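The values are calculated or read from the model by the stated rules, or taken from the named source; none is laboratory data. Every value quoted in this text rests on a predicted model; they were computed, and no experiment measured them. Cβ: placed from backbone, ideal geometry, glycine included. Neighbour counts: every protein chain shown. Accessible surface is based on the protein model in full, side chains and every heavy atom, while ligands, DNA and RNA are left aside. Shrake-Rupley method; radii C 1.70, N 1.55, O 1.52, S 1.80 Å.
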Amino acid sequence: MSGKTLFERIWDAHVVPSPAQDAARHRALADAGMADHEELIHGRQEMLYIDLHLIHEVTSPQAFEGLRQAGHPVRRPDLTLATVDHNVPTIDRDLPNPDPLSARQIEVLRENTREFGITLFDIHDPRQGIVHIIGPEQGYTQPGMTIVCGDSHTSTHGAFGALAFGIGTSEVEHVLATQTLRQSRPKTMSVEVNGELGPGVTAKDVILAIINEIGVRGGIGHVIEYRGQVIENLTMEGRMTICNMSIEAGARAGLVAPDETTFLYMKGRPQMPKGEDWERAVDAWRKLPSDSDARFDREVRLDGSDIIPFVTWGTNPAQSVTVDGHVPEPDQLAAEHREAATRALAYMALEPGTAIRDITIDRVFLGSCTNGRIEDLRAAAKVVQGKKIAEGVHAMVVPGSGLVKLQAEDEGLADIFTEAGFEWRDAGCSMCLGMNPDILAPGERAASTSNRNFEGRQGPGGRTHLVSPEMAAAAAIAGHFVDVREVLD
């Protein structure tokens, strides 16, 4: 008999079976001589109760219209939180929105949240920001929860020991109407990273190393639990970066077990329990981590001491090498990767054998739900302080929330960036996905702290290299990729 994983504890606690289904299931198990804890039927459809539903302006309009047509109210408006992030302009917010579609989507979200009684962090609210940053920031995100959003990077919230995943628009409507969602039970994967990270090596490098190891399809059908000494030593911001990019490995979600680092980050945030309620909550959260004898369907191990800064060269996050490496020759890759690599090199206008350090850049983007938190901005500011960006480089900093922006300004980080030549922007998704004015021009090459480098992701014809905030800052100063460890030395 094996123990339970963190995922199994959360999933099992949120299943909402019908009485008939529950009775039939227990009869079948009894007939087979199986106990409940031994049942491992992956892919089974089950109804889950949802503790927190996050919404934004892009994937919610059709869902609300569906509610109206069906005559349904929002089942739990108190468990629903809205913000504007994907389409919002990051400059000149006091002026009329230059994009009619964006303006209309934001206005529709205002109308919908007002009609259905949902809290909205609107564009001029200091709490406004990227949906996956404001949830933890305000204390809505808590261990043991189920959290959904019409956005694939909802896996970010798994850093707190919450089961969080993205959903489609029809599922958004279902959660609004019922506060439940039918899902197939995924498999479990353990990714264990032990050892110690060297100076200048970050959580972004760790997740790029993981994706490089298992591939963009390596996590399909699984929820990944990140474990080991390296993960335990990460800050909450670092853990959020790791979990954020779980989807880039094909996983349904990512998890990190809650611990004292988690509780220290959460304590005192606006939506957190207070007083004796806090102590009781922490006692319950301490029981969530996987048992020592829990079994995973797949296990992967990496040595964190071997990880150095990564740079992507292609058009998916697995197409990466270390900063001291070279663009690969497709014929030298495994057969199943050659065609994709050839296409990626053509799109990225790169020649095999090119040293990563010889790749020049036009743009730098610091921000996104992956790396738009205060810790990320502090790290990047440390690299650029007292320096100037290279001639011909256009660099911008987009804080992940209004509160991150205010804190960075109070700490003097904004001044460091602007003195170095960076643009200082308002909070939003910005260049991460190119659904707003912040996009690359065709042929422009960017060092980006975001999570995806697909063709056209940051603008049609734009070429994106994913890196850590420190690596992006160093590239802005040099005008090409450099090893940030040398800059820090």
Q: Please specify each residue of the stretch 117-137 satisfying the condition of being surrounded by fewer than 20 Cβ atoms within 10 Å (Cβ to Cβ), touching a residue at least 40 places away in the same chain (Cβ under 8 Å) and closer than 20 Å to Arg373 by Cα.
A: Asp125, Pro126, Arg127
Q) For the stretch 89-98, does any single residue satisfy the condition of being touching a residue at least 24 places away in the same chain (Cβ under 8 Å) and under 14 Å from His56 (Cβ atoms)? A) no
Q: Residue by residue through the stretch 253-265, note down the ones that are within 23 Å of Glu8 (Cα to Cα) and either without any contact (Cβ under 8 Å) to a residue 40 or more places away in the chain or of a type outside the set (Val, Ile, Thr) (or both).
A: Ala253, Gly254, Leu255, Ala257, Pro258, Asp259, Glu260, Thr261, Phe263
Q) Is it the case that some residue within the stretch 305-314 is more than 23 Å from Leu234 (Cβ to Cβ), within 27 Å of the chain's Cα centre (by Cα), in contact (Cβ under 8 Å) with a residue 60 or more places away in the chain and crowded, with 16+ Cβ neighbours inside 10 Å? A) yes
Q.
Looking at the stretch 460-480, can you tell me whether even one residue there is touching a residue at least 40 places away in the same chain (Cβ under 8 Å), over 23 Å from Thr156 (Cβ atoms), part of a loop (DSSP other than H, G, I, E, B) and open to solvent by 30 Å² or more (accessible area, probe 1.4 Å)?
A. no
Q: Return the only residue of Glu336, Glu375 being under 19 Å from the mean Cα position of the chain (by Cα) and assigned to a helix (DSSP H, G or I).
A: Glu375
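Output the residues belonging to the stretch 145-186 that are among the acidic types (Asp, Glu) and touching a residue at least 40 places away in the same chain (Cβ under 8 Å).
Narrowing the stretch 145-186 to residues among the acidic types (Asp, Glu): 151, 171, 173.
Asp151, Glu173, listed by residue number.
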Q. Looking at (1) over 25 Å from Glu486 (Cβ atoms); (2) open to solvent by less than 10 Å² (accessible area, probe 1.4 Å), which is the only condition Leu377 fails?
A. (1)
Q: Report whether or not Asp293 is charged (D, E, K, R) and free of Cβ contacts under 8 Å to residues at least 40 places away in the same chain.
A: no
Q) How many residues, within the stretch 351-370, are open to solvent by 20 Å² or more (accessible area, probe 1.4 Å) and either aliphatic (A, V, I, L, M) or in contact with a Pro (Cβ under 8 Å, 6 or more places away or on another chain) (or both)? A) 2
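Yes/no matrix, rows are residues, columns are (1) touching a His at 6+ places or on another chain (Cβ under 6 Å); (2) over 28 Å from Ser448 (Cα atoms); (3) of a type in the set (Ser, Thr, Tyr):
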| site | (1), (2), (3) |
| --- | --- |
| Ile118 | no, yes, no |
| Pro126 | no, no, no |
| Gln142 | no, yes, no |
| Met145 | no, yes, no |
| Ala159 | no, no, no |
| Val175 | yes, yes, no |
| Lys187 | yes, yes, no |
| Ala209 | no, no, no |
Q. List, please: which pairs have Cβ atoms under 6 Å, are six or more places apart or on different chains, and start with a residue in the stretch 410-439 that is without any contact (Cβ under 8 Å) to a residue 60 or more places away in the chain and over 18 Å from Ile134 (Cβ atoms) and end with one that is open to solvent by 10 Å² or more (accessible area, probe 1.4 Å) and part of a strand (DSSP E or B)?
A. Ala414/Trp424; Phe417/Trp424; Thr418/Trp424
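Condition check ((1) in contact with a strand residue (DSSP E or B) (Cβ under 9 Å, 6 or more places away or on another chain); (2) more than 24 Å from Glu248 (Cβ to Cβ)) across all residues:
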{"residue": "His86", "(1), (2)": "no, no"}
{"residue": "Leu95", "(1), (2)": "no, yes"}
{"residue": "Asp99", "(1), (2)": "no, yes"}
{"residue": "Thr113", "(1), (2)": "yes, yes"}
{"residue": "Gly139", "(1), (2)": "no, yes"}
{"residue": "Ser152", "(1), (2)": "yes, no"}
{"residue": "Leu163", "(1), (2)": "yes, no"}
{"residue": "Glu173", "(1), (2)": "no, yes"}
Q: Return yes when Glu299 is free of Cβ contacts under 8 Å to residues at least 40 places away in the same chain and open to solvent by 50 Å² or more (accessible area, probe 1.4 Å) and no when it is not.
A: no
Q. So which residues in the stretch 107-124 are among the acidic types (Asp, Glu) and touching a helix residue (DSSP H, G or I) at 6+ places or on another chain (Cβ under 7 Å), if there are any at all?
A. Asp122
Q.
For the stretch 441-459, which positions are in contact (Cβ under 8 Å) with a residue 60 or more places away in the chain, part of a loop (DSSP other than H, G, I, E, B) and small (Gly, Ala, Ser)?
A. Gly443, Ser450
Q) Inside the stretch 187-252, counting only helices (runs of 4 or more DSSP H) that do not spill past its ends, which hold 2 or more residues that are open to solvent by 20 Å² or more (accessible area, probe 1.4 Å) and either free of Cβ contacts under 8 Å to residues at least 12 places away in the same chain or out of contact with any Cys (no Cβ under 6 Å at 6 or more places or on another chain) (or both)? A) 203-214, 229-233
